[in-house]
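First the structure, in the form of structure tokens, and then the observations on it.
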């Protein structure tokens, strides 16, 4: 006769196995190859036109997004989707020298609010199109501040570029998630 602890373990393993089998068809892999309507994910991402965003950082995020969404094929004109971006940035001192009061380490942040608009849906005259989805993304990068003004200025610019790349990758992931989980309409 088996011991009671062994039979409990076997029963527990059987329950876990049945639970795993019952939920196996409920999950979709994160890096799925097809979207909710059966289209290949890279093809669907290539149907997003990234609208011009003002400012140097807006252009930096836009260029990174165009490359990430199309694989370098360029911004598709007249695409069924348009991506509208609002980009802001900030720089904060993270570590300050106690003797001089100047920052030693600074944190550069790029924040992006975005909206995806379906251009195939009709819009009434005088109204703005309603976004099908929207979200926020951010990128952060740190720099070692120096006492040289132009070197610090260039370091901040490079950190903004790195943070913009991170924000663009985050937006691509959010768009991929939207297209994968949106059912066929």
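Taken together, the values in this text are just the output of simple stated rules run on the coordinates, not laboratory data. Note that this is a predicted model, so its numbers are computed, not measured. For neighbour counting, all protein chains shown are included, and Cβ atoms are generated from backbone atoms with ideal geometry for every residue, glycine included.
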Value of [θ]222 nm, deg cm²/dmol, for the chain, DSSP H segments ≥ 4, -39500 (n - 2.57) each, nearest 500: -13500 deg cm²/dmol
I want to verify a result. In a Gaussian network model of the chain, Cα cutoff 10 Å, which of these has the top mean-square fluctuation: 72, 139, 46? 72
Compare 142, 90, 22 in a GNM of the chain, Cα atoms joined below 10 Å, and give the one with the largest fluctuation. 22
Can you grab the distance from the C-alpha centre of region 146-173 to the C-alpha centre of region 37-60, Å, no decimals? 21
Helix 56-70 axis, angle to the chain major axis (alpha carbon atoms, nearest 10°): 30
Return the single residue from 162, 154, 172 with maximal mean-square fluctuation; model: Gaussian network over the chain, springs between Cα atoms under 10 Å. 154
Can you tell me the 0 to 90 degree angle between the C-alpha axis of helix 4-23 and the longest principal axis of the chain, rounded to 10? 60
Give me the angle, in degrees from 0 to 90, between the Cα long axis of helix 149-181 and the longest principal axis of the Cα atoms of the chain, rounded to the nearest 10. 30
Using the count of nearby Cβ atoms within 10 Å as a rough guide to exposure, how do 179, 52 rank from fewest to most? 52, 179
How high is the relative contact order of the chain, given as a whole-number percent (alpha carbon pairs under 8 Å, six or more residues apart)? 22
Would you report the distance distribution of C-alpha pairs in region 57-185 as whole percents per 10 angstrom bin, up to the bin with the largest distance? 12, 34, 27, 16, 9, 3, 0
